[in-house]
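The values are calculated or read from the model by the stated rules, or taken from the named source; none is laboratory data. All figures in this text were calculated on a predicted structure; none of them were measured in a lab. All Cβ positions, even for glycine, are placed from backbone atoms using ideal geometry, and neighbour counts span all protein chains on display. Ligands, DNA and RNA are stripped out before the accessible areas are found, and what is left, the full protein with its side chains, is counted by its heavy atoms. Shrake-Rupley method; radii C 1.70, N 1.55, O 1.52, S 1.80 Å.
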Amino acid sequence: MAHKKPGLFKRIVVIALFSLLILSFAAWGIQDIFLNLGSNQVVAKVGDIEVTQTEFSNGLTRETNSIAQQLGRAIDFQEAQQLGLTNRVVSQLVSQALFTLQSEEMGLTVSEAQLKQEILKIDAFKNELGDFDPNRFQNTLYQAGISEVAFLHDLAKDIERQQINNAITNAIPVPTKLAEQLYTYTSEKRLVDYIEIPYSRFDNLAQPTDSEVASYYEAEKQNYLAPEFKSVSYLHLDPKEVAKTVTPTEEQIEEEFLAQKDSLSLPDRRKLAQMLLSDEAQAKEAHEKLLGGAEFNLVAKELTGSDSIDLGTMEQSDLLPELGPEVFSLSSTGVTTPVQSPLGWHIILVEEISPAREAIFEEVREQVTKDAALRLATDELISLANQLDDEIASGTSLEETSNKLGQTLLSYTEIDAEGHDRDGLPLIGLSENSTFQEVLSQTGTDADSLLTELGDGGYFILKVNSVTPAAPRELQEIKSELTLAWLENRKNEEVKKVAEKLADEVRNGTALQAVSDEAAELIKFGVEINRFSSNVGEALAPALVRDIYKAQKGDVLSGQSADGYLIATVSGIVQADISEQAEAIDDVKNSVEGSYKNDVYSQYLSALRQDVGVEINQSSIEQVINPYGTSPY
């Protein structure tokens, strides 16, 4: 994979500045080449940087934890995928890798002083007085599930990215005149007088006759279609099913164990607490007190004003490089000597030690046997899939091919685009698999699909035997729905008729409060709305708001709201005095400048991606999301 070409940065600056001619560009996302890169440990390859499954898993875990806190419940990786979090994490990791390559080419570095300066700026780490609080820093990281090592690494990369971003986006001026015009446009207020004719006025309409329902059905039946159904035969090569028939040899099981031994083994882990002190003298004082028998938390509280920080159980790689060797050199529980890092002086309490423990073959034999069988089954399916492909390519029918290969041909008599039957119920098998649904939608009558790989290492091929086109549902089947729709439609017509009559009265010179309707008693005067409101007063009427902003003072309008129809007159137009709005105009200026910078940033990322080359390993991503495969049954 090619590395970046020399001089890319200069070319990117030209591209970025040229992009100012365009007001907006689509933000770059992960729409790259989805390839199988060979090693399932690699989620993406960006130039010569490999993004690993571990990095992806850690990033996805942080995202899911963040969303879980907002939702107030836990979410798993599968739900995270449905929410689009997996694509977001991959996009972030690829962007980070692109910037790392650019940073290396430009020779950018971040010093400890820069790191410390940035940490001191972060509000989440400050106390009530606005000062950096080491204990709040530690607690915030702990609650977020981020180690100090990971945080400082990410912060350094963020600083490098910001340095590059500033270099290409700083010289983007926004004229004051443009900001003033935008502010004048966005801040303009409209005053309206209005009355509302509610739908509830016609709640007691008579039920429609059978003839009226039949007429309504004829007019609207294209809105009540039963979906298209297909009759489908398909062959599914499922590794989990094949694995049930595979018996690995003892040698194969041992090979699988050796391949997984590191991941099955447990590293040396220690349950830790920490106090973070401001200077060496204070750290020495704390250490002497601890050696004298003082309780760790009491010393932390006395010298720092806060409780000690529970770091939980950690591996050496989770700690800062300065702390790891000291903490893991202790042969028994106790405290370390004071250790300095960019964050200050640390004393660590080792409360428990869980020694490293290698996986024992007999203890994990059952699991590795299943894994070995699944791996063998997957390998076997590759050969079987090739045979299947060859048979189909030679003109052999799907039914004959399944018999020849000893596979069971499955079928759906009727299946719609969402994998449901005529009762709207999900079918068994692959019906709810999104890949299967996509291939089914693209396959025509009496045609075979291509052999398609699934994320779990399986394959399928299908044939559409026949298609029942979408057609209107029978009147009797949907009569109750039609009756309700007829009543709603009639109610809307009656209310609209009243509103238009009253609007005509006002246009002909009658005062709004004097129109011939009981609703005139409920008139609202001088209601202020803004351009971006969806409401006129308490009535939800976004379309009417747009019309009001197209109207002139004195114009009369009518429009639909969520609960009825409104008749409104524009009684005033209020424009801001920009001479008194310098701060607000500066905010608009900064907002437009930020938008320009985002556009340039997107173009810059796109150019980097094209120059470096990005490949995404979708099967590796699926392994993280579904580590044991996904069964369609």
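The range 459-495 and the range 507-547 have their alpha-carbon centroids 36 Å apart. Assuming a ≥ b ≥ c are the square roots of the Cα gyration tensor eigenvalues, decide whether the range 117-200 counts as rounded (a/c under 1.5), prolate (otherwise, with a/b larger than b/c) or oblate. Because a/c hits 1.5 or more and a/b fails to exceed b/c, the range 117-200 counts as oblate.
Counting only residues at least eight positions apart within a chain, or on another chain, the lysines with an alpha carbon under 23 Å from that of residue 404 are 240, 244, 463.
In order along the range 335-343, phi translates into HN-Hα couplings of 10, 7, 6, x, 10, 8, 9, x, 8 Hz, rounded to whole numbers, per the Karplus curve 6.51 cos²θ - 1.76 cosθ + 1.60 with θ = phi - 60° and x for Gly and Pro. Separation of the range 321-385 and the range 245-276, taken as the distance between their Cα centroids, equals 8 angstrom.
Counting only residues at least eight positions apart within a chain, or on another chain, the lysines with an alpha carbon under 16 Å from that of residue 126 are 116.
Counting only protein heavy atoms and a 1.4 Å probe, the chain has 54 square angstrom of accessible area per residue.
Listed by chain and number, the lysines whose alpha-carbon sits under 27 Å from that of residue 553, ignoring those within fewer than 8 places in the same chain, are 177, 189, 496, 497, 501, 524.
With the contact rule set at Cα under 8 Å and sequence spacing of 6 or more, what percent relative contact order holds for the range 280-404?
16 percent
Relative protection proxy for 332-339, 419-426, from highest mean packing down: 332-339, 419-426 (other beta-carbon atoms within 10 angstrom).
Under 8 Å for C-alpha pairs, at least 6 residues apart: give me the relative contact order for the chain, rounded to a whole percent. Intermediate results must be reported in sequence, preceding the final value.
Numbers: 905 pairs, mean separation 178.9, N = 633.
Value for the chain: 28 percent.
Estimated from helices alone, the mean residue ellipticity of the chain at 222 nm is -15000 deg cm²/dmol (sum of -39500 (n - 2.57) over DSSP H runs with n ≥ 4, per residue).
In the chain, what % of DSSP beta bridges are antiparallel (nearest 5)?
Details: 70 of 72 bridges.
DSSP beta bridges in the chain are roughly 95 percent antiparallel.
Phi-derived couplings, Karplus 6.51 cos²θ - 1.76 cosθ + 1.60 at θ = phi - 60°, listed residue by residue for the range 231-238: 9, 10, 10, 8, 10, 10, 8, 9 Hz, with x used for Gly and Pro. In this simple spin-label approximation, residue 166 and residue 428 carry label points 7 Å from Cα along the Cα→Cβ vector, and these lie 6.4 nm apart.
Listed peptides 568-576, 351-359 appear in the order 568-576, 351-359 once ranked by packing, highest mean of other Cβ atoms within 10 Å at the front. With bins 20 Å wide beginning at 0, the percent of Cα pairs of the chain falling in each bin runs 13, 30, 35, 20, 2.
Efficiency by 1/(1 + (r/R0)^6): what FRET value for residue 250 and residue 52, r their Cβ-Cβ distance, R0 = 45 Å, to the nearest 0.05? Let's see the in-between values first.
On the way: r = 31 Å, r/R0 = 0.70.
So the FRET efficiency works out to roughly 0.90.
Between residue 228 and residue 408, the distance separating the two model label sites (each 7 Å from Cα on the Cα→Cβ line) works out to 3.0 nm. Take the Cα of residue 154, step 7 Å toward its Cβ, do the same at residue 104, and the gap between the two points is 2.2 nm. Shown here for the range 467-553: chymotrypsin sites (Phe, Trp or Tyr not before Pro) in loop regions (DSSP other than H, G, I, E, B) with at most 10 other Cβ atoms within 10 Å, namely 532. Say the dipole of the range 182-323 comes from +1 at the beta carbon of Lys and Arg and -1 at that of Asp and Glu; which of 204, 275, 300 then lies farthest toward its positive end? Checked the options; the winner is 204.
Relative to the current alpha-carbon distance between residue 358 and residue 580, full extension at 0.36 nm per residue lengthens the span by 72.7 nm. Ligands, DNA and RNA left out, the 1.4 Å accessible surface of the chain is 49% carbon and sulfur atoms.
Given an 8 Å cut-off on Cα distances and at least 6 residues of separation, report the relative contact order of the range 293-364 as a percent.
Values: 54 pairs, mean separation 13.3, N = 72.
Rounded, it is 18 percent for the range 293-364.
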